[in-house]
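Notes follow the structure.
The values are calculated or read from the model by the stated rules, or taken from the named source; none is laboratory data. Small disclaimer: the values here were computed from a predicted structure and weren't measured. Cβ sites come from the backbone with ideal geometry, for glycine too, and all protein chains shown count toward neighbours. For accessibility, only protein heavy atoms count, side chains too; no ligands or nucleic acids. Shrake-Rupley method; radii C 1.70, N 1.55, O 1.52, S 1.80 Å.
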Amino acid sequence: MAKAFFRLQKFLRRIQFLLFFLTAAYLMAGSLLLLQRTRLVLQQGSRGTPSNQALPVPEEMSRVGMTEPRSLQNPRLLVGTDVLQEAALGQQHSPHWLMSRNSELRQLRRRWFHRFSSDQEPLQTAGLKAMKHTAEHKGTYMGCFTHDSRERTLKGAVFYDLRKMTVGHCQEACAERAYSYAGLAFGAECYCGNTLPAAAAKAEECSSECKGEKGSVCGGLNRLSVYSVEQLRAGARPLRRNVIYRGCFRAPENLTDTFPASLIQPNLTVEMCSEFCSKKEFPLAVIRGQECYCGYPTRHFSLREGTDGRRCSGSHNASSAAGGDYCLVYQTPVQDTRCTDRKFLTTKSKVFVALSSFPGAGNTWARHLIEHATGYYTGSYYFDGALYNKGFKGEKDHWRSRRTICVKTHESGKTEIEMFDSAILLIRNPYKSLMAEFNRKYAGHLGYATDRNWKSKEWPDFVNSYASWWASHVLEWLKYGKRL
């Protein structure tokens, strides 16, 4: 009996081993088949690009074991990984979880991912996209010119798109505002104007590739690739529709001193005055009788207090405007650029300033106001690729560089606070702050959480964990902040 039992046991062990072997063989065969299919699809989609050609992995990614090189063949795999990780972390409602996104590992992942996503495009669409935008180049290329960010030669409107800038987009934007020239710099910046830059540069100095258009040149370091957009202007909207009536205002005492450019023209029309001021690159066209003046809003002419339109004869026609004490004011297509040019500090700041707030308190909006009021970029303790692509260039600068006027931070704690010499603390109603951060968590900077999110247990759990952090953040900055 014992011998028969032993034989049965030996037989079952053999069957178990055999089943294990067959299962392993089946999984390996399935993996090889799936890999073969993936290669075939990639070869068809890339139109001749080898599917096994992996993209380069930055050293910091390989060092922390972030991802396997094969997964870099498809950027969507990284997006999926990022979303899954965010979803998993989202279930841990605690201040410690929020602070964890400041860890070195996530900083490395974010920095690399945004750099990767801005520099790479899906292989199967890159060729078609380049051909499409090349066909949209309707203007004449005028050449490469020098560009000074402080004293710009193209002084009209300015546009940034640090991910999708193309020559065609820049030309269309300038044409819609009735400019004659479009200039591109640094691969992502678009400048408009009506006067061709005087200082030409060597053609090879304009070597920056357009961020949204592979194979096309968008200027370079302090260099502009300039295009004429006269051919596009024929199809643009009529000039009259680009001119905005601002109202009837009392004329300043001395029009000649208030406005730097003027024109006296019999039978003057709104179109004549607006076109004259647009060519002179001024945002305001002011009409008094047969006189046309161009300039900016100033403290002597602030446009804050308009008068009854009947004082200007109740018409938007220049010929019928009252001469003397009142004038008609129009806004031309030219953008007022006095507060839009921003740059890094020329020398390192001696005072290290923090712009601190609890998430959702309006830190980004405050940065926008500070940058346009001072003309200098703000920095960030974190790296947000979405904000960088919207023109917040300080996002990519190291937060300790001292090249920015202040540094955004949501950190708290004695050590983190005392690193700064001075601080601006934003305090917002905690209920509104929590709502804003809840929306950002589930729908990004400009989105809103769904009704399902609000009605679920997630919202009360979120409030219970974050409310205490709101209080501790404010109290610690009030306690340890220097020159607050």
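Express the accessible area of the stretch 244-334 per residue in Å², computed with a 1.4 Å probe while the remaining protein chains stay in the model.
Working: 4710 Å² over 91 residues.
With all protein chains present, the stretch 244-334 gives 52 Å² per residue.
What is the percent carbon and sulfur in the accessible area of the stretch 140-235, measuring with a 1.4 Å probe over the protein chains and ignoring ligands? It would help to have the intermediate numbers written out before the result.
Working: 1860 of 3990 Å².
Ligands and nucleic acids excluded, carbon and sulfur give 47 percent.
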Carbon/sulfur fraction of accessible area - the stretch 244-334, other protein chains in place, 1.4 Å, %: 43 percent
List His147, His169, ordered by accessible area with a 1.4 Å probe, largest first: His169, His147
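Could you sort Tyr431, Tyr442 by accessible area so the largest value comes first, with the probe set to 1.4 Å?
Working: Tyr431 135, Tyr442 80 Å².
Accessible-area ranking of Tyr431, Tyr442, largest first: Tyr431, Tyr442.
Given a 1.4 angstrom probe, what's the average accessible area per residue across the stretch 353-481, in square angstrom? Each step should come with its number before you reach the end.
On the way: 6040 Å² over 129 residues.
Heavy-atom SASA per residue in the stretch 353-481 reads 47 Å².
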Probe 1.4 Å, all protein chains present, accessible-area order of Ser225, Ser262, largest first: Ser262, Ser225
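Ranked from highest to lowest mean number of other Cβ atoms within 10 Å per residue, what is the order of the peptides 420-429, 294-303? Each step should come with its number before you reach the end.
Values: 420-429: 16.4, 294-303: 14.6.
Sorting 420-429, 294-303 by mean packing, highest first, produces 420-429, 294-303.
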Flagged links, alpha-carbon separation over 24 Å, of Lys155/Lys396; Lys396/Lys432; Lys164/Lys343; Lys348/Lys408; Lys155/Lys214; Lys343/Lys479: Lys155/Lys396; Lys396/Lys432; Lys155/Lys214; Lys343/Lys479
Under the Karplus curve 6.51 cos²θ - 1.76 cosθ + 1.60, θ = phi - 60°, whole-Hz ³J(HN,Hα) for the stretch 192-208, x wherever Gly or Pro sits: 10, x, 10, 10, 5, x, 7, 8, 7, 10, 5, 4, 6, 6, 8, 10, 7
For the stretch 140-235, accessible area per residue (1.4 Å probe, heavy atoms of protein chains only), Å²: 42 Å²
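Evaluate the stretch 353-481: find the radius of gyration of its Cα atoms, find its Kirkwood radius, and give the ratio Rg to Rh.
Details: Rg = 15.2 Å, Rh = 15.5 Å.
With Rh from the inverse mean 1/r over Cα pairs, Rg/Rh is 0.98.
Ranking request for peptides 363-374, 401-412: highest mean number of other beta-carbon atoms within 10 Å first, then the rest in descending order.
On the way: 363-374: 16.1, 401-412: 21.6.
In decreasing order of mean packing, 363-374, 401-412 become 401-412, 363-374.
In whole percent, and with a 1.4 Å probe on the protein chains, what portion of the accessible area of the stretch 353-481 is carbon and sulfur? Working shown, then result.
On the way: 3410 of 6040 Å².
The value for the stretch 353-481 is 56 percent carbon and sulfur by accessible area.
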